[in-house]
Amino acid sequence: MTDSIMSKAATMEIPINSNGDTGTLPEDDSLEQAAKLQWSLDEKVGSSRGTRLILEQEGKQKKTDLQQVMVSGPNLNETSIVSGGYGGTAEGIIPTSSMKGSNMHHSSSSSSMSAEEATRGVAVEKLETMKKWGLNTYKCTKQMISERFGRGSRTVDLELEAQIEVLRDTKRKYENVLRLARALTNHFYNMVQTQHALGDTFADLSQKSPELRDEFGYNAETQKLLCKNGETLLGAINFFVSSINTLVNKTMEDTLMTIKMYENARLEYDAYRSDLEELSLGPRDAVAMARIEAAQQQYQTQKDKYERLRSDVIIKLKFLEENKVKVMHKQLLLFHNAISAYFAGNQQQLEQTLKQFNIKLRPPGADKPSWLEEQ
């Protein structure tokens, strides 16, 4: 279209006068109009091209966004809540992604803060426990060294400590009795087993030696009787050993454990008492008075603990002595009657002794598992 206009403008006729000269032409603005028209057309063409490029770019962008939406799906986190009616201003638009993110951030931060506070509380508690344990250990060690080198004072209960020493000596002697009684049981068990085997051999020889049948038979019966009485005596000795073991390793040991706790409490009590005495000799300013008050509370706590354990030890020693006399009276009587009846050959008295003390013998082979247990 532009080319046709230009060609038209170029082929316009120019009027000539009769003498061949160009006359004065009326003012003709056709060329100017053609130029203006060409400029306006160029401007429109340029703008149309620019508009076409912009539209093409927007179309590509929309196509790309549509592909992304189709691939990834709608993002619900970016949904907006519009407050107000249709055509409202943008001030009523609230992005839900910001609300959700703020709520999640607040909940996660609060949970993390609570977890940190709990962990910090446990750590502080452990640190405080370790601090108290270290301070208590230091004071007790200092008191122990001072007592050993004769520099520190020590709380002494002469009567109670004498009873404790008697108990320890009694326990050592009873442990020796228990060791010897177990050795006697083992040796006597081997002797009974030998008598049983010897009786079986005599009985077998009495069947195979007709000329010595009576002699082998008498000895076989004697060994079998001794074996039976020996098993009865073993039952009495085993009961004696079991009772002594319970007395030594359970009753006495329990009392000695309480005594050990009492001695530790006594050491702690003396350590805090010495600490309070040292603070009382120092200055009397505000800081020192606060320390003295704290030391006084700790001293009172250790004193109550010491007195409570001291009372427990006294009670346990009393009951232990009564129990020991009762148990040993019964067990020594059993041991004496059983041994006397066995070596006197009085089978009836031996059996009566076991009945008197309610001792039941195990039948032969009771220690062996049954055939069902062996399967």
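The values are calculated or read from the model by the stated rules, or taken from the named source; none is laboratory data. Remember, predicted model here, so these are calculated numbers, not experimental data. Cβ coordinates were reconstructed from backbone atoms using ideal geometry, including for glycine residues, and neighbour counts include every protein chain displayed. When the accessible area is computed, the model is the full protein with side chains, heavy atoms only, and any ligands, DNA or RNA have been set aside. Shrake-Rupley method; radii C 1.70, N 1.55, O 1.52, S 1.80 Å.
What do you reckon, is residue 178 assigned to a helix (DSSP H, G or I) and either crowded, with 17+ Cβ neighbours inside 10 Å or at pLDDT below 90 (or both)?
It is true that residue 178 is assigned to a helix (DSSP H, G or I) and either crowded, with 17+ Cβ neighbours inside 10 Å or at pLDDT below 90 (or both).
Within the stretch 335-375, work out how many residues are farther than 21 Å from residue 196 by Cβ, modelled with pLDDT of 80 or more, not in a loop (DSSP other than H, G, I, E, B) and not charged (D, E, K, R).
Qualifying residue count, the stretch 335-375: 9.
Quickly run through the stretch 124-167 and pick out the residues that are open to solvent by less than 60 Å² (accessible area, probe 1.4 Å) and closer than 28 Å to residue 294 by Cβ.
Across the stretch 124-167, the qualifying residues are 134, 136, 137, 139, 140, 143, 146, 147, 152, 153, 155, 157.
Among (1) at pLDDT 90 or above; (2) within 29 Å of residue 321 (Cβ to Cβ), which single condition is residue 154 missing?
(1)
Anything in the stretch 300-325 that is surrounded by 14 or more Cβ atoms within 10 Å (Cβ to Cβ) and among the aromatic types (Phe, Trp, Tyr)? List them, or say none.
Selection gives 306 alone.
Cβ-Cβ under 7 Å, sequence separation 6+ or interchain: first residue in the stretch 306-323 and in a helix (DSSP H, G or I), partner among the hydrophobic types (A, V, I, L, M, F, W, C) and surrounded by 18 or more Cβ atoms within 10 Å (Cβ to Cβ). Which pairs?
Close Cβ pairs satisfying both conditions: 306/265; 309/265; 313/259; 317/167; 320/252.
Quick one: in the stretch 254-278, which of the residues that are hydrophobic (A, V, I, L, M, F, W, C) and without any contact (Cβ under 8 Å) to a residue 40 or more places away in the chain is surrounded by the most Cβ atoms within 10 Å (Cβ to Cβ)?
Of all residues in the stretch 254-278, those hydrophobic (A, V, I, L, M, F, W, C) come to 256-257, 259, 261, 265, 267, 271, 276.
This time we only want the ones that are without any contact (Cβ under 8 Å) to a residue 40 or more places away in the chain, so: 257, 276.
On the way: 257: 11, 276: 19.
Top of the filtered list is 276.
More than 38 Å from the chain's Cα centre (by Cα), over 19 Å from residue 262 (Cα atoms) and in a helix (DSSP H, G or I): does that describe residue 124?
Against the criterion (more than 38 Å from the chain's Cα centre (by Cα), over 19 Å from residue 262 (Cα atoms) and in a helix (DSSP H, G or I)), residue 124 does not qualify.
Is it the case that the stretch 279-301 has a residue that's touching a residue at least 40 places away in the same chain (Cβ under 8 Å) and over 21 Å from residue 173 (Cα atoms)?
Among the residues of the stretch 279-301, not one is touching a residue at least 40 places away in the same chain (Cβ under 8 Å) and over 21 Å from residue 173 (Cα atoms), which makes the answer no.
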